[in-house]
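Structure first, then comments.
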Amino acid sequence: MLFQKVRFSLVAACLALGSGFVTAQEQVAVGVSMPEFSNMRWVNDGLSIMRELNKVNLASDLQYASAGADMQIAQIEGMIKKGVKVLVIAAVDGKKLTEVLKKAGDKKIKVISYDRLIRDSANVDYYATFDNFDVGVKQGADIVKRLDLAAGKGPFRIELFAGSQDDNNAFFFYDGAMSVLKPYIDKKQLIIESGQEGMNNVSTKGWNGAIAKARLSVLLPKYYSKHRLDAVLSPNDGIAGELINGFVKAGYGQSGNPMPVITGQDADIPATKAVLRGQQSSTIFKDTRELARVTAQMADALIQGKAPTVNDSKTYNNGVKVIPSFLLKPVLVDASNIKQVLVNSGFYRAEQIQ
Ligand code: BGC
């Protein structure tokens, strides 16, 4: 609740960070609606979007929905009433915005779907995201590489975890990973002792790491008393962090019983440290500053009546139409390059990840 309406606190935070953000007094042109702030990435995304909009002289209103779909709808309604020209939305529930976006469409407000695709609405104009299928491919490929599966090694045991079913991205991540892992499951080089496969069985409601950890704490004693679990497909860092805690509690991470291969996504600070400590195998770095820049350029073009630049016009059908998209490239990072990639690009200062 404290952060329900964070515009001014974030402005203060920006100033404290020395980003040079200036409170815009003029008409708010862009409403920015972020889903939650428990995964640090969304806090950074919000700040980066405001900073980039400020660079193109667009005043913005940033609000966080505390992972509540109804709260997000109410916040978007407020932005529509304020007379914004563009909405930038990272949906809590990609299927619940149809009605509110109809109201936006009626007022000729342009809608940019941010990172997560908004489904079942004709009132989505553009989509700015990463190549989400490729995120999953990279996670799967990391497991293949670490277990040396291409050389025929195995059998190894694996369990699959996926993101939230109300997030379209979760399906892309899972499908991308499975496109790489499935052949090894079929050849029995990878064995899922629980037999749990498919989004209906392995997704994690609300991307809530505690839920994933609870599932792991059932799986380990039930299926892994005879064999150790060698690998876990984890869709993001929030979930990976909780799984790591679960594994440590179950006695993994000691000599004779090393941590399994654990993937991730977001390169958040705790995960980056876990990769450097050797507890998490890898993560996917998505430069959200770039995503914010692309989004601000889209908003600026739309306000000027120009067509934003896109690089994909076929992949993302939201159930009503294909949304013209700009896809950025995700990068896999592990202990061999994580410091170099994140610090050299200025994403983190060296002391933040020590
Ligand atoms: C984002 C991920 C994030 C997840 C949970 C996804 O839609 O693409 O970066 O980890 O949501 O917040």
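The values are calculated or read from the model by the stated rules, or taken from the named source; none is laboratory data. No experiment lies behind these values; they were computed from the predicted model shown. Heads up, the Cβs are rebuilt from the backbone with ideal geometry, glycines too, and the neighbour counts pull from every protein chain shown. Each accessible area value is taken on the protein alone, full model and side chains, heavy atoms only, with ligands, DNA and RNA left out. Shrake-Rupley method; radii C 1.70, N 1.55, O 1.52, S 1.80 Å.
With respect to V261, determine if the residue is open to solvent by 10 Å² or more (accessible area, probe 1.4 Å) and in contact with a Phe, Trp or Tyr (Cβ under 7 Å, 6 or more places away or on another chain). First the steps, then the outcome.
Values: open to solvent by 10 Å² or more (accessible area, probe 1.4 Å): yes; in contact with a Phe, Trp or Tyr (Cβ under 7 Å, 6 or more places away or on another chain): no.
Considered against the rule, which asks whether it is open to solvent by 10 Å² or more (accessible area, probe 1.4 Å) and in contact with a Phe, Trp or Tyr (Cβ under 7 Å, 6 or more places away or on another chain), V261 comes out as no.
Which one of these does T204 not meet: (1) over 30 Å from M50 (Cβ atoms); (2) surrounded by 17 or more Cβ atoms within 10 Å (Cβ to Cβ); (3) of a type outside the set (A, V, I, L, M, F, W, C)?
It is condition (1) that T204 fails.
Can you tell which of E26, E77 is in a loop (DSSP other than H, G, I, E, B) and either modelled with pLDDT of 95 or more or among the acidic types (D, E) (or both)? It would help to see each step written out before you state the result.
On the way: E77 fails: in a loop (DSSP other than H, G, I, E, B).
Selected residue: E26, the only one of E26, E77 that is in a loop (DSSP other than H, G, I, E, B) and either modelled with pLDDT of 95 or more or among the acidic types (D, E) (or both).
Check D70 against each of (1) buried (at least 16 other Cβ atoms within 10 Å of the Cβ); (2) at pLDDT 90 or above; (3) in a helix (DSSP H, G or I) and name the one condition it does not meet.
Condition (1) is where D70 drops out.
Taking region 140-164 as the region of interest, how many residues are more than 12 Å from the ligand (Cβ to nearest atom), of a type outside the set (D, E, K, R) and within 23 Å of the chain's Cα centre (by Cα)?
Let us first name the residues in region 140-164 that are more than 12 Å from the ligand (Cβ to nearest atom), namely 140-161.
Within this subset, residues satisfying the condition of being of a type outside the set (D, E, K, R) are 140-141, 143-144, 147, 149-152, 154-156, 158, 160-161.
With within 23 Å of the chain's Cα centre (by Cα) added as a condition, the list becomes 140-141, 143-144, 158, 160-161.
Within region 140-164, residues that are more than 12 Å from the ligand (Cβ to nearest atom), of a type outside the set (D, E, K, R) and within 23 Å of the chain's Cα centre (by Cα) number 7.
Does D134 fit the bill of being in a helix (DSSP H, G or I), within 16 Å of the ligand (Cβ to nearest atom), of a type in the set (D, E) and under 30 Å from L47 (Cβ atoms)? Walk me through how you get there before you give the answer.
On the way: in a helix (DSSP H, G or I): yes; within 16 Å of the ligand (Cβ to nearest atom): yes; of a type in the set (D, E): yes; under 30 Å from L47 (Cβ atoms): yes.
Spelling it out, D134 is indeed in a helix (DSSP H, G or I), within 16 Å of the ligand (Cβ to nearest atom), of a type in the set (D, E) and under 30 Å from L47 (Cβ atoms).
Every residue in region 33-77 that is of a type in the set (V, I, T), free of Cβ contacts under 8 Å to residues at least 60 places away in the same chain and farther than 16 Å from K96 by Cβ, please. Walk me through it before giving the result.
Here is the first cut: in region 33-77, the residues of a type in the set (V, I, T) are 43, 49, 56, 73, 76.
Then drop every residue that is not free of Cβ contacts under 8 Å to residues at least 60 places away in the same chain, which leaves 43, 73, 76.
Matches in region 33-77: V43 only.
Considering each residue of region 148-173, count those that are free of Cβ contacts under 8 Å to residues at least 40 places away in the same chain and buried (at least 20 other Cβ atoms within 10 Å of the Cβ), and give that number. Outline the logic, then answer.
Narrowing region 148-173 to residues free of Cβ contacts under 8 Å to residues at least 40 places away in the same chain: 148, 150-155, 171.
Keeping just the survivors that are buried (at least 20 other Cβ atoms within 10 Å of the Cβ) gives none.
Count: 0.
Give me a count of the residues in region 299-321 that are open to solvent by 70 Å² or more (accessible area, probe 1.4 Å) and either hydrophobic (A, V, I, L, M, F, W, C) or not assigned by TED's automatic domain parsing to the domain that holds I89 (or both).
So the answer is 2.
Filter region 30-65 down to the residues that are among the small types (G, A, S), within 16 Å of the ligand (Cβ to nearest atom) and assigned to a loop (DSSP other than H, G, I, E, B) and list them by number. Outline the logic, then answer.
Step one: filter region 30-65 for residues among the small types (G, A, S), giving 31, 33, 38, 46, 48, 59-60, 65.
Restricting the remaining residues to those that are within 16 Å of the ligand (Cβ to nearest atom) gives 33, 38, 46, 48, 65.
Within region 30-65, S38, A65 meet the criteria.
Every residue in region 264-287 that is open to solvent by 10 Å² or more (accessible area, probe 1.4 Å), part of a helix (DSSP H, G or I) and of a type outside the set (A, V, I, L, M, F, W, C), please.
Residues of region 264-287 that are open to solvent by 10 Å² or more (accessible area, probe 1.4 Å), as a first pass: 266, 268-270, 273, 276-279, 281, 285, 287.
Among the residues that remain, those that are also part of a helix (DSSP H, G or I) are: 269-270, 273, 276-277.
P270, K273, R277 - these are the residues of region 264-287 that are open to solvent by 10 Å² or more (accessible area, probe 1.4 Å), part of a helix (DSSP H, G or I) and of a type outside the set (A, V, I, L, M, F, W, C).
Which one is farthest from F37 (Cα to Cα) among residues in region 78-95 that are open to solvent by 10 Å² or more (accessible area, probe 1.4 Å) and within 15 Å of the ligand (Cβ to nearest atom)?
If we take residues in region 78-95 being open to solvent by 10 Å² or more (accessible area, probe 1.4 Å) and within 15 Å of the ligand (Cβ to nearest atom), then K95 is farthest from F37 (Cα to Cα).
How many residues does region 96-123 contain that are part of a loop (DSSP other than H, G, I, E, B) and either surrounded by fewer than 17 Cβ atoms within 10 Å (Cβ to Cβ) or touching a Ser or Thr at 6+ places or on another chain (Cβ under 7 Å) (or both)? Reasoning before the result, please.
Within region 96-123, the first condition is being part of a loop (DSSP other than H, G, I, E, B), and the residues that meet it are 96-97, 107-109, 115-123.
Remaining after also requiring either surrounded by fewer than 17 Cβ atoms within 10 Å (Cβ to Cβ) or touching a Ser or Thr at 6+ places or on another chain (Cβ under 7 Å) (or both): 97, 107-108, 115, 120-122.
Residues meeting the conditions: 7.
Which of the following residues is open to solvent by 10 Å² or more (accessible area, probe 1.4 Å), part of a loop (DSSP other than H, G, I, E, B) and more than 27 Å from N318 (Cα to Cα): K145, K213, K226? First the steps, then the outcome.
Working: K145 fails: part of a loop (DSSP other than H, G, I, E, B); K213 fails: part of a loop (DSSP other than H, G, I, E, B).
K226 is the lone residue from the list that is open to solvent by 10 Å² or more (accessible area, probe 1.4 Å), part of a loop (DSSP other than H, G, I, E, B) and more than 27 Å from N318 (Cα to Cα).
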